[in-house]
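Novice: This is the structure I have questions about; it appears just below.
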Amino acid sequence: MKNISEMTAGEASGVRYVLMDIDDTITRNGKLPLSSYSALWKLHDAGLKVIPVTGRPAGWCDLIAREWPVDGVVGENGAFVFWEEPRPREGGGHVHGEGRAAEGGPAPRLPVLMAEYHPGAVRNNHPVLVRVRERALAEVPGLRDAKDQFARLFDIALDFAEEDPVLPLSAAERVRAIAEEEGAVAKISSIHVNIWMGDYDKLSMAERFLGSRFGWRPEGAGGGEVVFAGDSPNDEPMFARFPLSCAVANIRRYEGLIGELPGFVSTKEYGEGFAEIAGTILRMRGVYE
Ligand SMILES: [Mg+2]
C-alpha cells in the first residue's frame, strides 16, 4: 500500500466514481463525523458519482439513498442497490408546499427511489441461515444478534464488535467457519459477521450498478475510473478489483486477514482518513476548497 499522498494527478483525473464502505471507513465509534460527511458533499459537488457500498441493512439504505449526497447505495454486502431518479409526477401535479406549477410550465419533479435486487439474493428466513444463527449463538460465547437485524432483508448480522463486549477476531472467524460448514456465505466486517445465501458480494453488485446506471464498462480503462475506500476483510473483493482502491489507516488491524490489500492507504484513521483520501483526489484534480 502506498500512502495516499503518492496518488498522481494523472490517476486522480481519470476518476469518475468514488465508492466507499461505511462502518469504520467514514465513521468513527459509530458516528459520521463532520469531516467525512463534508467530504461526501465535496465529492458530490465536484461532479463525481458517490456510492456507498456497505453491509448495512435495507432499512438504513433507504435513508442513505434519499438523504445523503449520493448517487446510489449498495447494501447488505451486495444484495441490492437503491438510488434516486428524477421523474416527472404523474399528471403534472404540484409539490405540497412549493406552490402550483406555472400554467403550461414544466411539471414539478420529485425523485423516485429505485431498487435493483441481485438475482441470487435469498430472503433471510432461509432455513440454512436460521440454522447458522442458532449454532453461532450457541457455540460462540458473547455473540449476539446485531441490533439492526430488524431492518435486514437478505442477510443475518451477528454482532461481535458494534457493542460491548467486543469479542476477539477469532470469535468472528469461528462464526464464519460455522456459516461455511452449513453452506452459507460469511464476511467479517469491522463490527458484524454478515451471513447470506447466494453468489454475490459488494463487488458484483457495484459492477452491475455502475454498468446499468452509468454505462461503465468493466473492460474500459482497467478500473481506474473507480476509487473504492474501505477498512476490513469484507472489502477485499473491491480492493482486488480496483487498482485505485484506498484503505483508511485502521485497516492495519486486519492486515493478516486480507490477502488483497488496496493500492493506497491514508495516514489518518476512520472518517478522518476518508476525508484525507477525498481531499487528495479533489486536490489532484485541481479542486480546492
Ligand atoms: Mg467497514
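The values are calculated or read from the model by the stated rules, or taken from the named source; none is laboratory data. This is a predicted model, so every value here is computed, not measured. Positions of Cβ are generated from backbone atoms using ideal geometry, with glycine treated the same way; all protein chains shown enter the neighbour counts.
Novice: When you go through S245, S170 one by one, which is the residue that is modelled with pLDDT of 95 or more, of a type in the set (S, T, N, Q) and more than 16 Å from the ligand (Cβ to nearest atom)?
Specialist: Being modelled with pLDDT of 95 or more, of a type in the set (S, T, N, Q) and more than 16 Å from the ligand (Cβ to nearest atom) holds for just one of S245, S170, which is S170.
Novice: Turning to a different aspect of this structure: Could you grab me the full set of residues in the range 207-231 that are outside any loop (DSSP other than H, G, I, E, B) and away from the ligand (no atom under 15 Å from the Cβ)? Don't jump to the end; show me each part of the working.
Specialist: Taking the range 207-231 as the starting set, the residues that turn out to be outside any loop (DSSP other than H, G, I, E, B) are 207-214, 226-230.
E207, R208, F209, L210, G211, S212, R213, F214, V226, V227 - these are the residues of the range 207-231 that are outside any loop (DSSP other than H, G, I, E, B) and away from the ligand (no atom under 15 Å from the Cβ).
Novice: Are any residues in the range 126-170 in a helix (DSSP H, G or I) and buried (at least 21 other Cβ atoms within 10 Å of the Cβ), and if so, which ones?
Specialist: Correct list: L129, V132, R133, A136.
Novice: Something else about it: I'm trying to understand the selection: among the residues of the range 236-289, which are acidic (D, E) and in the same structural domain as A9 (by TED's automatic domain parsing)?
Specialist: The answer is E236, E255, E260, E269, E272, E276.
Novice: Related question: Please verify whether P262 is surrounded by 22 or more Cβ atoms within 10 Å (Cβ to Cβ) and part of a loop (DSSP other than H, G, I, E, B), treating the condition exactly as stated.
Specialist: Values: surrounded by 22 or more Cβ atoms within 10 Å (Cβ to Cβ): yes; part of a loop (DSSP other than H, G, I, E, B): yes.
Spelling it out, P262 is indeed surrounded by 22 or more Cβ atoms within 10 Å (Cβ to Cβ) and part of a loop (DSSP other than H, G, I, E, B).
Novice: Just checking, how many residues over the range 1-36 are touching a helix residue (DSSP H, G or I) at 6+ places or on another chain (Cβ under 8 Å), part of a helix (DSSP H, G or I) and away from the ligand (no atom under 16 Å from the Cβ)?
Specialist: 7
Novice: Further question on the same structure: R174 - would you say it is farther than 30 Å from F82 by Cβ and either in the same structural domain as D62 (by TED's automatic domain parsing) or in contact with a helix residue (DSSP H, G or I) (Cβ under 6 Å, 6 or more places away or on another chain) (or both)?
Specialist: No: the conditions fail for R174.
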